[in-house]
Structures are given as C-alpha cells and as structure tokens.
Amino acid sequence: MTSTASVTAPERLVAVPVRYWGRWVSAVVVLVLVGLFLYAMTRADVNWQTTRHFFTFPTIVRGAGRTLLISVLAQALGIALGVVVAVMRSSGNPVTGAVGWFYVWFFRGTPVLLQLLVWFNLAFLFPTLSFPGLGSAKTSDVMTPFVAALLGLGINEGAYMAEIVRAGLNSVDEGQTEAAQALGMSRGLLLRRIVLPQAMRVIVPPTGNEFINMLKTSSLASIVQYGELLLAAQAIYTNNLQIMELLFSAALWYLVLTSVFSIGQFYLERRFSRGATRNLALTPLQRVRLALLRSERAR
Amino acid sequence: MSAPMVHAEKVHKSFGKVEVLKGIDLTVELGEVCCLLGPSGSGKSTFLRCINHLEKVDAGRLSVDGELVGYRQSGEKLYELKEKETSSKRAEIGMVFQRFNLFPHMTALGNIVEAPIRVKGLGKAEAAERARALLDRVGLSDKVDAYPAQLSGGQQQRVAIARALAMQPKLMLFDEPTSALDPELVGEVLDVMRGLAADGMTMLVVTHEMGFARDVGDTVVFMDGGVVVESGAPHDVINNPQQERTRAFLGKVL
Ligand SMILES: Nc1ncnc2c1ncn2[C@@H]1O[C@H](COP(=O)(O)OP(=O)(O)OP(=O)(O)O)[C@@H](O)[C@H]1O
Ligand SMILES: [Mg+2]
C-alpha cells in the first residue's frame, strides 16, 4: 500500500555535532577576568550600602526622571528638525538646500557642551527677546536651565538626525518616487505616504542609538544647572563627600534607562522591517516558546 | 474630429550634452494601441517619460489630448506649469513600469486605493470597492491583502496595471511591462493588456513582444537613435519593413 509508506516519517539524521573549542577557551578567559574584577571590587573602598540607599533617594529618582524627560523632548525636537532639514536638503531648491547644509555644518561642527553654554548665556548677546505678536521678555527669564538644555541638546541632535533621515530618504528606490508621481501625487504627499515610511527601516535603528546616546549626553546639561541625574548626584556628594557611591547610584540609573530603551528599540526595529524581510527577528518570548516546543519534541 | 491623444512634433530632449531624442514625430489617436519598438538606448523610455511630465521637452511640441505637455500657452508665450498643474495632468495618464514599482509597505488593495483617495479625494469605501473590481479584472481577487513581496512578478505587474487604472486614465503608457518577467509569466500580463485594448483604452506600449505588437497594435513605430525610423500598420512594419535599420533590428528580435 503506497499510502502507508508516505505516512511514515523519514528517518531522523544522527550525527556528531561540531565542537566549538573557541567558545570554551573564551569562556575560561572571561571567567578569570570576572573573578579578578570581583576580587578587586571587594577590596575597593566603596560603601555599597550607600549606593543602594541613594539609588532610591527622592532627589536621585527625580533626577533620573528629568534625564528621561529632557532626553525624550530633545530627541523629539531633534527628529522634527532632522526631517525638516533632510527634506530641505533633498528638495532641489538651492536656498533651502544651502540653509540645511549650513545648519548641519554649524551644529555638527561645534561641541554640544559649548552650544549648551551659548544658549544658557544668550542674555549677554540679546538682553531681551521679542516674539512677534506675543510681546517681549527678558532673555534671562526665558532661558531657564530647562529651555537651554532642550535647545542645546535638541538643535544639536537635529544636525545628526538630518543626516540619518537623508540617508534614509536616499535609500528608497527612485522608482517609488516615479510611480507615485505618475499617479499624480504631489511632492509632499509622496514624501509622507510613500518615501518616508520606506525610509523608516533605515532611519529607525540609528535613531534608537541616537536616543540611547541622548540619555547619556543629557548629563552635559548639568553644566547649565538643569537638575538631571548627574547634577542631582553631584549636589549630594558635594555635601556628604561619598563621591563614588553616588556616581555608582547614577550609573545604575543610566543602565536601567538605556536597557529599557534598548528593548524598546528591538521591537521598534522589528515593526519597521515589516514588508522588507520575510523572516522577522524572533522576540525573546517567541524564542522561549520555540525552545520549549523543541525540547518537547525531543522527548 | 477630436484632437489626437498624443501628438509629438519634432520633440527634442537632451541630458547635458547628450541628445537622446532628436526630433520625434508621432501621433496616437483616441482608442488606438501604438507599439513602440527599438534597440536599447534609442530613447523609448525617455519619450514615454516626457509624455508623463517626468522629463521636460527641450524643443518641439508635445501634446496630450490637445493640451501642451509641461507648458501653458498664452498668446505667443509659453509658461512652465506649476507643480500642482503637472501633478493633475499626470493623474490623467496611467504608467506601468518595467520594474513594477509597487509600494512595498502597502497591500495590493492599499497600492490601488492610495492615489484615488489621496489625490482624487474619493471616499474610502468607494475606492476599496473599485479596487476590488479592478483586482478581479486582472484576475487577482484572491490577493487583496497580499504584500508585493508575497506576489510573483506577473502578479505584481497586474496589480501595477490595476493601480494605474484606478485613476481612470485617458491614456496608458507601458514601458517594457513584461521584460522583467520569467517567460511563463509574460502571457498573463499580456492577456490583461489585450483586454484593456479590447475595451478601447488608448495605449502607448514599449515592448519587445512582437506577437503582441502584431495582434493588438493598431500602429507600430520603430525608433532608433532618437528618431522615428519607420511607422505604420503592424503587418507592414513587422513583415515588410522598408528601412534597412528596421530590418536589421527585426532580424535580431524575431
Ligand atoms: N536622466 C538621464 N541622464 C542622462 N542620460 C540619460 C538619462 N536618462 C536616459 N539617459 C540616456 O538616454 C539614452 C536613452 O535612454 P532610454 O532609457 O530612453 O532608452 P530606451 O530606448 O528606453 O532603452 P532600453 O530599451 O534599454 O530601455 C540612453 O543612452 C541613456 O543613457
Ligand atoms: Mg527603456
């Protein structure tokens, strides 16, 4: 009977698996190094109790909250500026193109620490600021540490985002623009509906890196007295002199924030590679499920 | 008698110093299928792109449905069209590309309804209904929710034709619509195009499919080196070419 023959499963292949000697060697090296490091830390003059205590201390927690707030807002400003400047530079209009080029040249060419100081001290340059239709105000009142930090970090970020967005726009096949034009779409519409969504695949991964960078770079805002995590730690250790303990508390918070957003980045990238790859990267949950399924089958 | 759908008189086009079109004369009447043949680099694509305002004509006159392409005439003077005017003219001309150019982040249905909704302002429900009818017409009613990457080349090209038809164009331009396809998929696309021709669509088709040109074309135009070398009824041009260059080209492709 042919039908029974086709039902029996093919014989499983049995083979000796490849041995990965390199992995064993590297594991031993790493174990030795970790041991040495732990030994050094036990002899270091650090009070871990204090680090733990200040990790949940209200001033530090509030500082971490401000770090998150300024990073999100500055990154948002950077993304918005980056998209505008990238579109300006690829528009074919020589005036907007030159403005966009100058923006990137200037803000990428000077240190962000310097830019923060310039924004914070703007009052020396322009004592009063006037907003058309809204009246005027003293610059020192407007340029609070928060505003200076936001402008300094956000505008600087815009220059980097502009390059990332531009690379994204250039990565989209020209045929896409042509097909959209042939359907009667205007430039703005085809950018928004056709080109940008496809550029996202190229834009999102480096933007995630930029944001994780921003979480750390925002510590520079301590120079303009914005009360983020590092300034909060500094404010405490100048009083109690437990410098290392507080720096470690802050470091732990930075690690928490960057870890959380690295996970977010994974899911975001996955979402935007839809339609471009057939095999999406597995989420950790899917991996666990697959492993369970495999072990069940093996039994 | 109405104006011809496409009318070209001594159309010139250069890219920098290279003159690609050197005085094209060509007419496509309403409801006619015109097949454009010619060797690679002869300027066929460039000419189609000029008709659809994707390139600007340098000299000569090119009109679609009695209206000048790219310019507006007022008295003796010509004015360049604004972006908006160009877009609305393009919306009336359908174009199908060699490499399909479907939008990969949208489903088949999404590809088709995009322009009718966003450009023409059609309601979502009505656009979707029309799109389904069009997918049915090109034989893909079961692929409504498929993404381009999940479709074969022939299926993608048929979706691309449906996408162009959704704008209810008065003229369809095809730029080698089957040359990126595996041989066994060519037929399904040509069948759709045959159906279109039978329904009276005005079509300008760049193709190397001699069978299609012979059966479906009302006229065949042979281009070489940026000029029209020979044109006429398919039977005459393909079976009995008068020019040496036409004979040489046909000898290679037939
Ligand atoms: N944007 C451009 N810039 C410069 N040269 C161009 C451009 N577009 C086309 N050309 C040149 O114009 C000539 C004609 O190109 P075109 O694509 O119109 O030929 P074609 O007849 O469609 O050829 P094929 O059968 O290979 O598609 C080619 O030599 C090409 O290199
Ligand atoms: Mg071509």
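The values are calculated or read from the model by the stated rules, or taken from the named source; none is laboratory data. Here the structure is a predicted model, which is why all the values come from computation and not from measurement. All Cβ positions, glycine included, derive from the backbone under ideal geometry; neighbour counts span all protein chains shown. Surface accessibility is based on the protein's heavy atoms, side chains included, excluding ligands, DNA and RNA. Shrake-Rupley method; radii C 1.70, N 1.55, O 1.52, S 1.80 Å.
Worth pointing out:
- Meets criteria (over 13 Å from B:Gln98 (Cα atoms) and away from ligand 1 (no atom under 16 Å from the Cβ)) for B:Gln156: no
- Boolean, B:Glu9 is within 16 Å of ligand 1 (Cβ to nearest atom) and open to solvent by 20 Å² or more (accessible area, probe 1.4 Å): no
- Of all residues making up the range B:15-37, the number that are surrounded by 14 or more Cβ atoms within 10 Å (Cβ to Cβ), more than 16 Å from ligand 2 (Cβ to nearest atom) and farther than 17 Å from B:Val205 by Cβ: 4
- Options A:Ile212, A:Ile164: the member that is among the hydrophobic types (A, V, I, L, M, F, W, C), away from every other protein chain (no Cβ under 14 Å) and closer than 30 Å to B:Val119 by Cβ: A:Ile164
- Under the condition of being in a loop (DSSP other than H, G, I, E, B) and under 32 Å from the mean Cα position of the chain (by Cα), the residues counted in the range A:29-46 number 1.
- Among (1) in a helix (DSSP H, G or I); (2) surrounded by 18 or more Cβ atoms within 10 Å (Cβ to Cβ), the one test that B:Glu129 misses: (2)
- Among the residues listed as A:Gly188, A:Gly184, A:Gly92, the single one being within 14 Å of chain B (Cβ to nearest Cβ), in a loop (DSSP other than H, G, I, E, B), free of Cβ contacts under 8 Å to residues at least 60 places away in the same chain and open to solvent by less than 60 Å² (accessible area, probe 1.4 Å): A:Gly184
- Sole residue being crowded, with 21+ Cβ neighbours inside 10 Å and either at the interface with chain A (Cβ under 9 Å from one of its Cβ atoms) or hydrophobic (A, V, I, L, M, F, W, C) (or both), chosen from B:Val119, B:Val113, B:Val144: B:Val113
- Scanning the range B:38-57 for residues that are away from ligand 2 (no atom under 12 Å from the Cβ) and open to solvent by less than 10 Å² (accessible area, probe 1.4 Å) yields B:Cys50, B:Ile51, B:Asn52.
- Test: residue in the range B:71-84 that is within 16 Å of ligand 2 (Cβ to nearest atom) and over 15 Å from B:Lys13 (Cβ atoms): no
- Qualifying residues in the range B:74-101 (those that are touching a residue at least 40 places away in the same chain (Cβ under 8 Å) and away from ligand 1 (no atom under 16 Å from the Cβ)) - the one nearest to the other protein chains (Cβ to nearest Cβ): B:Ala91
- Filtered residues of the range A:1-28 (kept if modelled with pLDDT of 80 or more and assigned to a helix (DSSP H, G or I)): A:Trp21, A:Gly22, A:Arg23, A:Trp24, A:Val25, A:Ser26, A:Ala27, A:Val28
- Cβ-Cβ under 6 Å pairs, at least 6 apart or on other chains, the range B:170-185 side within 14 Å of chain A (Cβ to nearest Cβ), far side in a loop (DSSP other than H, G, I, E, B) and within 11 Å of ligand 2 (Cβ to nearest atom): B:Asp175/B:Phe97; B:Asp175/B:Gln98; B:Glu176/B:Gln98; B:Ala180/B:Gln98; B:Ala180/B:Arg99
- Residue within the range B:106-114 that is farther than 25 Å from B:Leu48 by Cα and part of a loop (DSSP other than H, G, I, E, B) present: yes
- Hey, B:Leu196 within 16 Å of ligand 2 (Cβ to nearest atom), within 16 Å of B:Met5 (Cβ to Cβ), aliphatic (A, V, I, L, M) and not in a loop (DSSP other than H, G, I, E, B) or not: no
- Identity of the residue in the range B:69-96, in contact with a strand residue (DSSP E or B) (Cβ under 7 Å, 6 or more places away or on another chain) and open to solvent by 20 Å² or more (accessible area, probe 1.4 Å), that ends up farthest from A:Gln181 (Cα to Cα): B:Leu78
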